Amino acid sequence: MPISQPFAIGTDDGLDVLARIREEASALSFSPRGTVRCEGRPLFRHRAARDFGCLLDLDPSVISWTCLPMILHHAQGVHVPDFAVTRTSGTTLIDVLPPNREPCPPPLLAEAALAAGHRYETVTEADIPEGFRLDNARDLLRYANHHVSLGDRVRLLTLLDERGPMPLAACMQVIRDGRDPIGTIAAMALRRFVEIDLDEARIGPETRVSRLHD
């Protein structure tokens, strides 16, 4: 549910509200646990927010994102958005709305966000596409903390430079240092060294892997 308090709330009280919301979210656990572009602690109030965070990590336009970033003061009280998402175009405050959550009126929050120098958007659970991309993002993020050796990174990038996009099964053959070749390739995709096709099917032996160029 949205956070609503009387408007006449002091700065210290507002910080207390923010701390309480973060503490409540910290008691919840959603898999996968790993993130790659989340700044600060990943905190989610519901599954829909966690799913959206998975997609943010695989969105090439996203530089970074933060959970429960700040408190917005508006005419009806205060509110804590789910995310602050930074792209080259600026930072957007985003709320992810599951069916049982009724937001404060978006115009009030958009005005409050603008006063803080940001844009404001809402995303409904229906806007988060079920299917291959989300499932694949969940799979990849299980390897968010996987170590990639310099040797494996250079060997895979050299292969893709020389031969172009290759099936995942062929790319696995050049991974020598890691015990889990798929984990190594997944970690390189998360760190934007390579690109994996996420939309056509679940990741498998024939999934195409290509060098990701800026």
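As a check on your grasp of the helix formula, calculate [θ] at 222 nm for the chain: sum -39500 (n - 2.57) over DSSP H runs of n ≥ 4, divide by the residue count, round to the nearest 500.
The per-residue figure over the chain is -10500 deg cm²/dmol.
Taking neighbour counts of Cβ atoms within 10 Å as a proxy for exposure, in what order, fewest first, do Ser210, Ser29 appear?
By the 10 Å Cβ count, ascending, the order reads Ser29, Ser210.
Suppose every K and R has +1 on its Cβ and every D and E has -1 on its Cβ; what is the size of the dipole of the stretch 11-127 about the Cα centre, in Debye to the nearest 20?
In debye, rounded to 20, the stretch 11-127 gives about 320.
I'd like the FRET efficiency for Ala116 and Glu23, computed as 1/(1 + (r/R0)^6) with the beta carbon distance as r and R0 of 22 Å, rounded to 0.05.
My answer for the efficiency is 0.45.
Looking at the chain, what % of its DSSP beta bridges pair antiparallel, to the nearest 5?
70 percent
Could you check the spin-label model distance between Ala170 and Ser210? Points 7 Å from the Cα along Cα→Cβ, value in nm.
About 1.4 nm separates the two model spin labels.
Express the relative contact order of the stretch 87-214 as a whole percentage, based on alpha carbon pairs under 8 Å and six or more residues apart in sequence.
Computed value for the stretch 87-214: 24 percent relative contact order.
Given 20 °C and 1.002 mPa s, compute D for the stretch 132-211 with the Stokes-Einstein relation, Rh being the Kirkwood radius over Cα pairs; round to the nearest whole µm²/s.
Translational D for this selection: 174 µm²/s.
Please check the chain for the longest run free of GluC sites (Glu not before Pro) that are loop-located per DSSP (anything but H, G, I, E, B) and have at most 13 other Cβ atoms within 10 Å.
1-129
How big is the chain in terms of Cα radius of gyration and Dmax, in angstroms?
Spelled out, the Cα radius of gyration and Dmax of the chain are 19.8, 64 Å.
Compute the long axis of helix 106-115 from its Cα atoms, compare it with the longest principal axis of the Cα atoms of the chain, and write down the angle in degrees, 0 to 90, nearest 10.
Between the helix axis and the principal axis of the chain, the angle is about 80 degrees.
Spin-label point model (7 Å from Cα, Cβ direction): what's the Arg87 to Arg33 distance in nm?
For Arg87 paired with Arg33, the spin-label model returns 3.2 nm.
Taken together, the values in this text are just the output of simple stated rules run on the coordinates, not laboratory data. A quick note: this is a predicted structure, and the numbers were derived from the prediction, not measured. Note: ideal-geometry Cβ built from the backbone for every residue, glycine included; neighbour counts use all protein chains shown.
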